[in-house]
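Structure first, commentary second.
Bear in mind that the values in this text are calculations on the coordinates, not laboratory data. This is a predicted model, so every value here is computed, not measured. With ideal geometry, Cβ positions are generated from the backbone for all residues, glycine too; neighbour counts draw on all protein chains shown.
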Amino acid sequence: MSENSGGLTCAAVSWGLAALVGAFAGLLVAVLRDWSFMQAVFAAVIVAVGVGLFLMLTLCRSLPEPVNKSISAPQPVAAKTAAPKAAAPAATVTAKPAAKPKAAPKPQAAAPKAAAKP
């Protein structure tokens, strides 16, 4: 397996790539969003620091050492000659049946209005 944490080399490549990404982001916001020069530089620095930290924490971290466990043949399991014990009977729970919900009362139709007398 190749070594991914080259120390100073990994850090230099990560921060160099982050600077390029930040400069590109600053250029994009300066041109496309019509930001002032200082706003674009500030955005570029924020992006570069974020990308640099992300790359440093993910790519330049040393990997843990593999665990060397000696592999041995599995030990034979002794066969049990005694009959297995009977399982304890399950506790029986008697539950009362749930009460049936009452039906909602049907709404009564409104009484027809009496025809107006002429």
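Counting other C-beta atoms within 10 Å, which of 51, 77 has the fewest, and how do the rest follow?
Ascending number of Cβ neighbours within 10 Å: 77, 51.
Which whole-Hz couplings ³J(HN,Hα) result when phi for each residue of the range 50-63 is put into the Karplus expression 6.51 cos²θ - 1.76 cosθ + 1.60, θ = phi - 60°, listed in order with x for Gly and Pro?
x, 5, x, 5, 4, 5, 5, 6, 9, 9, 9, 7, 6, 7
Once fully extended, how much extra length lies between residue 9 and residue 96, figured as 0.36 nm per residue of separation less the alpha-carbon to alpha-carbon distance?
23.9 nm
Per residue of the range 36-46, what does 6.51 cos²θ - 1.76 cosθ + 1.60 with θ = phi - 60° give for ³J(HN,Hα)? Whole Hz please, x for Gly and Pro, Karplus curve as stated.
Values, residue by residue: 6, 4, 5, 5, 5, 5, 4, 5, 5, 5, 4 Hz.
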